[in-house]
Amino acid sequence: MKRLKRFLKKTAAPQKGFTLLEMVIVLAIIALLMLIVIPNLNAQRETAAKRSDAALEQVVNNQAEMYANDKGQAIENVTLEDLHNDQYLNDDQFNRAQKMNKEPNHATSVKK
């Protein structure tokens with residue numbers, strides 16, 4: 001009887017580790033979470049880029065107004081190069097505005 005009890009204790013001892021089914025379930029849950037999160041990250045990135053572009057456009061327009069007021073000239077004649085050369089725009093702002101083709105907005109026309 002004692003031998004039987006010892007044998008049952010050895011074979012009935014809980015095993016450590018995960019079963020294959022548990023691992024598959026965990027991986028499926030992680031995959032579902034990734035399917036939910038990744039599209040949201042891309043949407044947030046696009047929203048941030050649009051806001052950044054709008055902010056840069058406003059900076060360029062504000063700096064063009066300041067330049068025109070300081071120089072006593074019509075705002076329609078202000079270019080990105082003028083703003084950059086007289087340090088109304090820093091190098092990063094100037095380069096981004098050129099890439100985006102964001103000249104100062106004079107009413108509704110875009111000057112090149």
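We did not get these values from a lab; they are worked out from the coordinates using the rules stated. Not measured: the values here are computed from a predicted model. A quick note on method: Cβ atoms are made from the backbone with ideal geometry, for glycine too, and the neighbour counts reach across all protein chains shown.
Things worth noting here:
- About the centre of its Cα atoms, segment 58-106 shows a dipole size close to 180 debye [charges on the beta carbon of Lys, Arg (+1) and Asp, Glu (-1) only; nearest 20 debye].
- Summing Lys and Arg as +1 and Asp and Glu as -1 over all other residues whose Cβ lies under 13 Å from the Cβ of His84 gives a net charge of -4.
- Remark: relative contact order (the chain) = 20 percent; criterion is Cα-Cα distance under 8 angstrom and separation of 6 or more residues.
- Over segment 58-106, relative contact order from alpha-carbon pairs under 8 Å, at least 6 apart, %: 43
- Adding -39500 (n - 2.57) for every DSSP H run of four residues or longer, then dividing by how many residues the chain holds, sets the calculated 222 nm ellipticity at -24000 deg cm²/dmol.
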